[in-house]
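Peer 1: So that we are looking at the same thing, I have put the structure below in structure tokens.
The values are calculated or read from the model by the stated rules, or taken from the named source; none is laboratory data. Note that this is a predicted model, so its numbers are computed, not measured. We place every Cβ from the backbone using ideal geometry, glycine too, and count neighbours over all the protein chains shown.
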Amino acid sequence: MSGADPSHRHTVDGLFRAHYRWLCTFMRRHLADAASVEDIAAETFAQLLEAPSLTAIREARALLTTIAQRLLYQRWRRAALERQYRQQIDIDFAPSPEDLVQLAQTFDRLDRSLHRLPAKVRSTFLLARIDGLTYPQIAAELGISQRSVSVYMARSQALCDRHSANQFLEEKRSA
């Protein structure tokens with residue numbers, strides 16, 4: 001882990017001291033919630049700690065902006081996934097606080113599972129399920145064949161199916 005190297009930590013500390021406030025101000029253009037702004041800024045610097053090397057940084061603000069925007073985009077995609085999931089389930093009652101906690105835990109597990117997939121498989125799944133792209137559109141977007149899109153979708157769907165089956169079994173055991 002790069003964070004164990006004292007010079008690496010010192011570099012990140014210097015970047016944090018020099019750019020944290022600027023990054024928060026920049027992120028406020030995209031997020032109204034101060035806590036979310038601080039979460040993304042903190043995660044940005046946490047990722048820098050995990051970076052293999054920081055010696056080649058020429059434009060620190062450009063790097064910080066790129067990381068923060070990627071984190072923001074992931075947050076938006078996750079929110080879209082949650083909205084889509086909520087629209088697909090037919091709830092005839094107001095969910096209890098326990099139901100909401102369980103739903104949040106389900107999203108967390110699904111999100112962690114998706115992040116275990118290779119980047120192209122995960123991107124294929126998100127482009128299909130969140131952005132609503134067709135297989136030919138996904139193939140063009142990612143520069144892969146339609147066959148690869150089909151294989152990647154089958155792989156990600158199998159993960160989702162396993163996740164659903166495991167959740168069902170957990171619910172039955174706890175009932």
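Peer 1: Looking at this structure, is ILE130 farther than 27 Å from HIS8 by Cα, surrounded by 15 or more Cβ atoms within 10 Å (Cβ to Cβ) and at pLDDT below 90? Even if it seems obvious, please write down each step before you answer.
Peer 2: Details: farther than 27 Å from HIS8 by Cα: yes; surrounded by 15 or more Cβ atoms within 10 Å (Cβ to Cβ): yes; at pLDDT below 90: yes.
Criteria met by ILE130.
Peer 1: I've got another one for you. For the range 15-50, name all the residues that are of a type in the set (A, V, I, L, M, F, W, C) and touching a Leu at 6+ places or on another chain (Cβ under 9 Å). I'd like the intermediate steps shown before the answer.
Peer 2: Of all residues in the range 15-50, those of a type in the set (A, V, I, L, M, F, W, C) come to 15-16, 18, 22-24, 26-27, 31-32, 34-35, 37, 40-42, 45-46, 48-49.
Answer for the range 15-50, where residues must be of a type in the set (A, V, I, L, M, F, W, C) and touching a Leu at 6+ places or on another chain (Cβ under 9 Å): LEU15, PHE16, TRP22, LEU23, PHE26, MET27, LEU31, VAL37, ILE40, ALA41, PHE45, LEU48.
Peer 1: Looking at the range 138-148, which of its residues are in a helix (DSSP H, G or I) and farther than 10 Å from SER123 by Cβ?
Peer 2: So the first thing to find is which residues in the range 138-148 are in a helix (DSSP H, G or I), and the list is 138-142, 146-148.
Listed by number, the residues that qualify are ALA139, ALA140, GLN146, ARG147, SER148.
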